[in-house]
There are 2 protein chains.
Amino acid sequence: MGYRPVLTRNARPATYTVDAIDETGARVATPIAGEHPLTLYVDKSELVTLMTLGAAPEALSIGFLRNQRLVASLEQIVAVQVDWEVNAVAVTTRGGLEDLEAKTAKRTATTGCGQGTVFGDLMADIESIRLEDATRIDEESLFGLLNAVRLHESIYKQAGAVHGCALAKGAEILTFVEDVGRHNAVDAIAGWMWLEGIDGRDKTFYTTGRLTSEMVIKAAQMQVPVLVSRSGLTKMGYDVARQVGITMIGRAVNRRYLLFTGAERLVRSGAVAAARRA
Amino acid sequence: MGYRPVLTRNARPATYTVDAIDETGARVATPIAGEHPLTLYVDKSELVTLMTLGAAPEALSIGFLRNQRLVASLEQIVAVQVDWEVNAVAVTTRGGLEDLEAKTAKRTATTGCGQGTVFGDLMADIESIRLEDATRIDEESLFGLLNAVRLHESIYKQAGAVHGCALAKGAEILTFVEDVGRHNAVDAIAGWMWLEGIDGRDKTFYTTGRLTSEMVIKAAQMQVPVLVSRSGLTKMGYDVARQVGITMIGRAVNRRYLLFTGAERLVRSGAVAAARRA
């Protein structure tokens, strides 16, 4: 294991049960997803309040700072301390963050389902990103991953109202994070990758959510060259995907998908076409 | 018609068609939703960049300022001018907005699927909101509304990747707005209500998205006492709904629903229960 900051481990319960009345008049105990404000302080300065399920608040905080390009490496972070008594997380950095004021002056409210705030220029640094060209994923691994996601026991299945993201190698899910906002989920994965020393270059990123520009940018920042969603995409997500050369696969369910960009990384077996001909 | 500011009418095309390759190797022309940055300037000061489908950018801009409680009435707004050449909207106010700096200093990145930024305290002013107690919706109107939404020809049906919101009176859809972020959609409806002089007190708000705290707060701010979603809800959405006394109905599809709060406004016919018994 490499460097790890001092961390609390303060996850919240994922679901709560409330009473509802259904169309027949019956009282139905219904699990619903948690949603909590979590105000992020960096070296005692208030930065932002995230609304989160609270499943992985420490990784979320680290990943938020990573994906906002406010910290350049895990070693800059000394401690991440979540305190739900005051709905706050205190991040202590080594020597403070440079230019925090300037970097956070510009706000972009994104189409992301979730945190939806990007400080600074959304497209900044995108031009400097180079994704690994040699990475390949074969169709059977893709279908295996879709099946693994389907079998994954999730809060979504129990309570709905959350988005899930997975980081996978081939068909294997390495981690699966859910949150009420899907951008929290992707940020938590970014934080987890730093904490566990995981390299994105040979991985696949799966999301239940739509492939908007912000989602594509975050995957590219994490160096993950293959992006898969069961949902659709937006024009700007498509444009950014082409620009950074990411492999983008949408509407991926069971053994179906639509491949939009980066076709060279998907090794097609032709099995589906062959099966249909047979 | 009441007062109207000077407005452009600069909607963007809702969908674009790109090529994809499906699992059989076939090339498939696929419509995808637009997504455009729109930077909002108030009296020449840059406030925020919204990522939007661009279907109703003028109403979105007005509704954003309304729902952020940065303007108190439509009369404060002199002009709303959208210019896609520079991806900007210029809002001119009558005499400037008071305390704009102070009001926008605090950021909350919400769980909303969409713009996801709330300036100031999320819960501020919630305690002063009183919703109309006398409003009623009967079950058949609810089912009629769900059917009307189902029949509505939408970008979602064509391209996916968008959320839809409707303002309805009984079973009748008064307006239906889609956007890549559902909070843009609700903001655009708030702007439209001001422009058309529509009162929320006897209306129902329908959303395809989840009922998070922000969605409940925005409906309450628009004085709409009945909130319906085909999706689920979060614990904080539930808590805020109870606090403001809104009627919240989730998982509403066809002739099914779960009623969570504000049961007094839903007039149940018992028709579904009777049909099942028969």
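Numbers for the structure displayed
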item: Centre separation in Å (Cα based) which lies between the range B:18-95 and the range A:227-278; result: 29
item: Extended-chain gain in nm, criterion 0.36 nm per residue less alpha-carbon gap, B:GLU196 and B:TYR41; result: 53.5 nm
item: Within the protein assembly as shown, helix-based [θ] at 222 nm, where runs of 4 or more DSSP H residues each add -39,500 (n - 2.57), nearest 500; result: -7500 deg cm²/dmol
item: For chain B, the fraction of alpha-carbon pairs in successive 5 Å shells from zero, as %; result: 1, 6, 13, 16, 18, 16, 12, 9, 5, 3, 1, 1, 0, 0
item: Cross-link pairs A:LYS235/B:LYS157; B:LYS169/B:LYS218; A:LYS44/A:LYS218; A:LYS157/B:LYS235 - those with Cα-Cα distance over 20 Å; result: A:LYS44/A:LYS218
item: Radius 11 Å from Cβ of A:SER229, net charge of other residues (Lys, Arg +1; Asp, Glu -1); result: +4
item: Low-density loop positions, GluC sites (Glu not before Pro), the range B:1-107 - DSSP coil, at most 15 other Cβ in 10 Å; result: B:GLU85, B:GLU98
item: Largest-first principal axis extents of the Cα set of the range B:137-277 (Å); result: 44, 36, 29
item: Nearest-first distances (nm) between copies at A:ALA271, label 7 Å from Cα via Cβ; result: 4.9
item: Within-10-Å neighbourhood charge of A:GLY144 [Cβ basis; K, R +1; D, E -1]; result: -4
item: Computed magnitude of the charge dipole of the protein assembly as shown (debye, nearest 20; Cβ of K, R +1, Cβ of D, E -1); result: 1560
item: Surrounding net charge for A:HIS163, when Lys and Arg each add one and Asp and Glu each subtract one, Cβ distance under 15 Å; result: +2
item: Mean Cβ neighbour count within 10 Å, used as a protection proxy, ranking B:249-259, A:216-226, B:195-205, A:179-189 highest first; result: A:179-189, A:216-226, B:249-259, B:195-205
item: Exam field: A:ARG4 pseudo-label spacings to other copies (7 Å along Cα-Cβ), nanometres; result: 6.3
item: Equivalent ellipsoid dimensions for the protein assembly as shown as semi-axes, Å, which come from the Cα gyration tensor, largest first; result: 34, 29, 25
item: Fraction of antiparallel bridges per DSSP, the protein assembly as shown only, in percent to nearest 5; result: 70
item: Partner chain coverage, peptide A:48-54 - average Cβ within 10 angstrom; result: 5
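Values quoted throughout were computed directly from the atomic coordinates according to the rules given, and no laboratory measurement underlies them. Because the structure is predicted, anything quoted here is derived from the model rather than measured. Cβ atoms come from the backbone with ideal geometry, glycine included; neighbour counts cover every protein chain shown.
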